[in-house]
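Undergrad: Dumping the structure here so I can ask a few things about it.
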Amino acid sequence: MAAPKGAKIAALFDFDGTIIAGYSATALLKEKIKRREMSKQEFLETLNATTQYSRGKIGFSGLMTASVKSMKGVAEQSYVDFGEELYEKHIAQKIYPEARRLIEAHRQQGHTVAIVSSATIYQIAPSARDLGIEHVMCSRYQVEDGEFTGDIVRPLCFGPGKVEAAERLAEQTGADLDRSFFYTDSDDDIELLERIGKPRVVNPNRKLAAIAEERNWPVERFHSRGRATAV
């Protein structure tokens, strides 16, 4: 609340682990399995890609490319609808109360509030609407004639791609990134944390916690209940 008012100040938020507890992709995968909308082959391919990613054998782009292949020919609207159901059943209850209050505080200051996430619009859009966030910069699947092509839109909103997304948002809105905030829990976002004027670390993993301590970046802990505690 002590920050200058106005739209030239942006407040950028990562989604998974920052606005919500846990990962929306996990909830999406579990729901698809529960509905039996994922074949055994799809499941094994997704598991293999996830394992390779966790071991550093493929990058995030490789993970997303593998996951979208099976969606070729599927109507995009079915994923829009699925995202709404996913929000009602799983995601809404995962939003941190502290994140909700923080977002509202930035909105009251007239700041340009945005989600900048590697997740897809289908995972994020219902939460953004609930939180009153107009701008969503995220990873996207290619769509032609209302159907997925089985490929991704490059660059993905990950690593350097998040910096590109934030700079694109700044061009569109007139926000000054050197005076703006970025909240995240992951060291995957180190490029944008270094680019932004006011980096803010939330629920950091071990690597990011060490980096934040070294660089004297503010750290906050969000909980499923209770208030954020500044460190």
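The values are calculated or read from the model by the stated rules, or taken from the named source; none is laboratory data. Keep in mind it's a predicted model, so treat the numbers as computed, not measured. Protein only, heavy atoms only, side chains kept; ligands, DNA and RNA dropped before computing areas. Shrake-Rupley method; radii C 1.70, N 1.55, O 1.52, S 1.80 Å.
Undergrad: Write down the Kirkwood hydrodynamic radius of the chain, to one decimal in angstroms, obtained as one divided by the mean of 1/r over all alpha carbon pairs.
TA: Numbers: mean 1/r = 0.0547 Å⁻¹.
After inverting the mean inverse Cα-Cα distance, the result is 18.3 Å.
Undergrad: Using the structure shown, list the pairs from 30/89; 34/162; 30/72; 32/72; 32/94 with a Cα-Cα distance above 22 Å, or answer none.
TA: Too far apart for the 22 Å limit: 34/162.
Undergrad: Can you grab the distance from the C-alpha centre of segment 96-122 to the C-alpha centre of segment 139-193, Å, no decimals?
TA: 15 Å
Undergrad: Can you work out the Karplus-derived ³J(HN,Hα) for every residue in segment 119-136? Use 6.51 cos²θ - 1.76 cosθ + 1.60 with θ = phi - 60°, whole Hz, and x for glycine or proline.
TA: Result, ordered by residue: 6, 8, 4, 5, 7, 9, 3, x, 5, 4, 5, 4, 8, x, 9, 7, 9, 10 Hz.
Undergrad: Obtain the radius of gyration and the Kirkwood radius of segment 118-185 from its C-alpha atoms and give Rg over Rh.
TA: That ratio is 1.00, to two decimals.
Undergrad: Report, by chain and number, residues whose modeled amide H sits under 5 Å from the one on residue 118, excluding near sequence neighbours (fewer than 5 apart, same chain).
TA: Amide H to amide H, under 5 Å and 5 or more residues apart or across chains, residue 118 pairs with 15.
Undergrad: What is the extension gain from residue 210 to residue 168, computed as 0.36 nm multiplied by their sequence separation minus the C-alpha to C-alpha distance, in nm to one decimal?
TA: Extra length from residue 210 to residue 168 when fully extended: 12.2 nm.
Undergrad: Top to bottom by accessible area (1.4 Å), largest first, where do 107, 154 land?
TA: 154, 107
Undergrad: Considering amide H positions built from the backbone, and no H for Pro or chain starts, which residues 5 or more places from residue 141, or on another chain, come under 5 Å of its amide H?
TA: HN-HN under 5 Å from residue 141: 153.
Undergrad: Also, I was wondering about something else. To two decimal places, what compactness ratio does segment 115-231 give when its Cα radius of gyration is scaled by 2.2 N^0.38 Å?
TA: With N residues counted in segment 115-231, Rg over 2.2 N^0.38 Å equals 1.16.
Undergrad: Within the chain, what whole-number % of the accessible surface is contributed by carbon and sulfur, with the 1.4 Å probe and all protein chains included in the calculation? Each step should come with its number before you reach the end.
TA: Numbers: 5840 of 12060 Å².
Roughly 48 percent of what the probe reaches on the chain is carbon or sulfur.
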